[in-house]
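Data first, discussion second: the structure below is written as structure tokens.
The values are calculated or read from the model by the stated rules, or taken from the named source; none is laboratory data. Here the structure is a predicted model, which means the values were calculated and not measured. Here Cβ is always computed from backbone atoms with ideal geometry, including for glycine, and neighbour counts include all displayed protein chains. Keep in mind that these areas ignore ligands, DNA and RNA; they rest on the heavy atoms of the full protein, side chains included. Shrake-Rupley method; radii C 1.70, N 1.55, O 1.52, S 1.80 Å.
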Amino acid sequence: NGHRVLARAVLYRGDLDRSLEFFATAEGLAPHFADTLADFADALMHYSRADAARGKIDLALALNPIPPDMYLWVAAGIDFFQENFTGALEKLRRVREPEQVYRLMAASAAMLGDDKAARTYRDLALRIDPTFEIRTWIQRLPDRNDENLRFYVAALKRAGFH
């Protein structure tokens, strides 16, 4: 668990390479620890390795069939970047405390062309964080692939975020 926590810390400090090394160590020490697999999947998505991320999150979900919200959020994020917006929304609608996923819900609905749902989710997100600005938020994301960031920004703008 210590390696997993360290991997998360360096991920959000922007050191993706070291993060993946720590996650690999954590997984090697406890290959069936679903929390590590879910966090590893999240890191792999930030590294733009969607197929590898999908394998990790699918295993985490199989090991923990009543998953914490974070597992569903990670799985939905993978769906989103693989342009499976319907799958993303299906997973996000299962989240028990959706406050943190409204932006991704809005972006997914917008990409499906469901403007009404996109606006509803956007409004819910802005009610929680009324000062949200895409340019400020995007600077904090540790993504390796600028194309993924541009794709997400475009979806957020399409949902009505600024």
Angle check, please: helix 102-111 long axis (alpha carbons) against the longest principal axis of the chain (alpha carbons), in degrees 0 to 90, nearest 10. 70
Among LEU37, LEU149, LEU112, LEU29, what's the order by accessible area (1.4 angstrom probe), most exposed first? LEU29, LEU112, LEU149, LEU37
Let me spell out the model: positive unit charges on the Cβ of Lys and Arg, negative unit charges on the Cβ of Asp and Glu, origin at the Cα centre of the stretch 1-86. What dipole size does that give, in debye rounded to 20? 180
Is the stretch 14-84 rounded, prolate or oblate when judged by the Cα gyration tensor, a ≥ b ≥ c being the square roots of its eigenvalues, rounded requiring a/c under 1.5 and prolate requiring a/b larger than b/c? oblate
Cross-link reach list, aspartates and glutamates versus LYS56, counting only Cα pairs under 12 Å and skipping chain neighbours closer than eight places: GLU27, ASP35, ASP39, ASP42
What residue among TYR12, TYR152, TYR102 has the largest mean-square fluctuation in a Gaussian network model of the chain, using Cα springs under 10 Å? TYR12
Angle between the chain longest axis and helix 34-46 axis [Cα atoms, degrees, rounded to 10]: 60
Cross-link candidates for LYS116: which lysines have Cα within less than 24 Å, leaving aside residues fewer than 8 places away along the same chain? LYS91, LYS157
Determine the sum of side-chain charges near ASP39: Lys and Arg each +1, Asp and Glu each -1, restricted to other residues whose C-beta is under 12 angstrom from that of ASP39. 0
C-alpha center-to-center spacing [the stretch 50-111, the stretch 129-144] in angstrom: 19
